[in-house]
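Heads up: the structure comes next, in structure tokens.
No lab work stands behind these numbers, since they all come straight from the coordinates. These figures come from a predicted structure and were not determined experimentally. Cβ placement follows ideal geometry from the backbone for every residue including glycine, while neighbour counts extend to all protein chains displayed.
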Amino acid sequence: MDFDLSEEQQLLQDSVTRLMADRYEFERRKEYAKSAEGFSLPLWRQYAELGVLGLPFDEAHGGIGDDGVGTMIVMQAFGRALALEPYLATVVLGGGLIQHAGNAQQRDDILPKIADGTLRLAFAQTERQTRYNLADVKATAKKAGASWVIDGEKSLVLHGDSADKLIVVARTSGAQRDEKGLSLFLVDAQTAGVSRRGYPTQDGQRAAEISFSQVALPESAAIGDIDAAFPVIDRVVDEARAALCADAVGAMDAMHALTVEYLKTRKQFGATIGSFQALQHRAVDMFVAVEQARSMAMLAAMTARDEDAEVRRKSVAAAKVQIGRSGKFVGEQAVQLHGGVGMTMELKVGHYFKRVTMIDTLFGDADHHLARLADAGGLI
């Protein structure tokens, strides 16, 4: 199998990598994080100009119909730069739900606005008791005449404090953990009854706690079939997991490069510490872990859009297991080999470690996905 990038994919990689190198110097990233949105709005507009925000969508909606490899390329570049922009929340999660479950009118109205950078979405699914169970939803949507009325609380909504619209998972029938009975609704963030409390997460991203109190919506706010949203949620979250795997590979790549450079320059006992064979071996072990993670991230990228749910779930779960384990190993080695300075906020390596740790826990950590994979009979 040929794993070389096509000419178009190579051009995309070069363009995004160059933009990140020019605009994401570490001190500048700190300034982006202090803004009201928690990221750079001008840079978000540049993503739109490059065509990055429309990658997964059809040409009719401002995209190119990416098969997953383009998203992997972009997310690896974002991982290396520790990018703060809501690409995962808006394009992968929000855009994916509209693309797979929305009707023609919703796709025509929303996807082009995502692609041109004028609309940002957030996926309000997780609740305090949810943990990794996508079906564990208490928030309700009840029919009231020609309207739907949503009540409930959502937690850790990625970039929920700056999103223009929210895609809310609500229970329209069934018990709290039933897969059947879930529905999706598109809610304007300024709708009466919606309250948001934003905060920074450990890795510098943004999230929000969101409350819905008697939020009245028209029937047209429903996305897809009522009571039947779980399969599309499961599918889009797998696409998000694949994107996160690529993000983690970019961060691990950067941690390894920073560590090797440090070993080449830091002197101890009159010699660079990189000349000590024991530390060379540790750097090689880091490289092996990164390459194992890269291979599994590629598998996840190529199968995340597979119509066969079993194939998709197994591949993505296996990738998430490897990403979690590799991220922990590479992060620990990077911090330890940098010595005491590796623990400081002033050094970038610690921020990378925080990011891969958060990626491990998002949508299921390595242990969760190992159990999931075992229950499915293994990858092969």
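The ranking of L43, L111 by Cβ neighbour count inside 10 Å, starting from the fewest, reads L43, L111. Remark: C-alpha extents of the chain on the principal axes read 80, 47, 40 Å, sorted largest to smallest. Backbone phi angles across segment 191-199, fed through the Karplus curve with coefficients 6.51, -1.76 and 1.60 (θ = phi - 60°), yield HN-Hα couplings of 5, 4, x, 9, 10, 10, 10, x, 7 Hz in residue order; Gly and Pro are listed as x. Debye-formula intensities of segment 312-377, expressed as log10 I(q)/I(0) at q = 0.14, 0.16, 0.29 Å⁻¹, are -0.46, -0.55, -1.13 (one equal scatterer per alpha-carbon, no solvent). Think of it as helices only: each DSSP H run of n ≥ 4 in the chain is worth -39500 (n - 2.57), and spread over all residues that comes to -16000 deg cm²/dmol at 222 nm.
In order along segment 307-324, the Karplus-derived 3J(HN,Hα) couplings, from 6.51 cos²θ - 1.76 cosθ + 1.60 at θ = phi - 60°, round to 5, 7, 4, 5, 4, 4, 5, 5, 5, 5, 4, 4, 5, 5, 4, 5, 4, x Hz, and Gly and Pro are given as x.
For segment 230-375, the normalised intensity computed at q = 0.11 Å⁻¹ comes to -0.44 (log10 of I(q)/I(0), Debye sum over alpha carbons, equal scatterers, no solvent). Each Cα pair under 8 Å and six or more residues apart adds its sequence gap; the mean of these over the residue count of segment 230-375 is a relative contact order of 30 percent.
The phi-based Karplus calculation (6.51 cos²θ - 1.76 cosθ + 1.60; θ = phi - 60°) puts the 3J(HN,Hα) values of segment 353-361 at 4, 4, 5, 5, 5, 5, 4, 4, 7 Hz, whole numbers, x for Gly and Pro. In a DSSP loop and with at most 13 other Cβ atoms within 10 Å, the GluC sites (Glu not before Pro) in segment 298-342 are E307.
The order of the peptides 217-228, 51-62, 162-173 by mean Cβ neighbours within 10 Å, most packed first, is 162-173, 51-62, 217-228. Between the beta carbons of E8 and E49, assuming R0 = 22 Å, the FRET efficiency works out to 0.85 to the nearest 0.05. The chymotrypsin sites (Phe, Trp or Tyr not before Pro) found in segment 196-294 that occupy coil by DSSP, while having at most 12 further C-beta atoms within 10 Å, are F269. For the chain, the dipole from Cβ point charges (+1 on Lys and Arg, -1 on Asp and Glu) about the Cα centre works out to 1380 debye, to the nearest 20.
The alpha carbons of segment 122-223 stretch over 42, 28, 19 Å along the principal axes, in descending order.
Rg/Rh for segment 17-161 stands at 1.01; both radii use Cα atoms, and Rh follows the Kirkwood definition.
In degrees from 0 to 90, rounded to the nearest 10, what is the angle of the helix 69-81 Cα long axis to the longest principal axis of the chain? Long axis of 69-81 versus the principal axis of the chain: about 60 degrees. Distance from a point 7 Å along Cα→Cβ of D136 to each backbone N in segment 227-248: keep the residues under 17 Å and list them by number. Those under the cut-off are 234.
Three principal axis extents of segment 1-101 based on alpha-carbon atoms, in descending order, are 40, 32, 21 Å. Between A36 and D116, the C-beta separation translates, for a Förster distance of 22 Å, into a calculated FRET efficiency of about 0.55.
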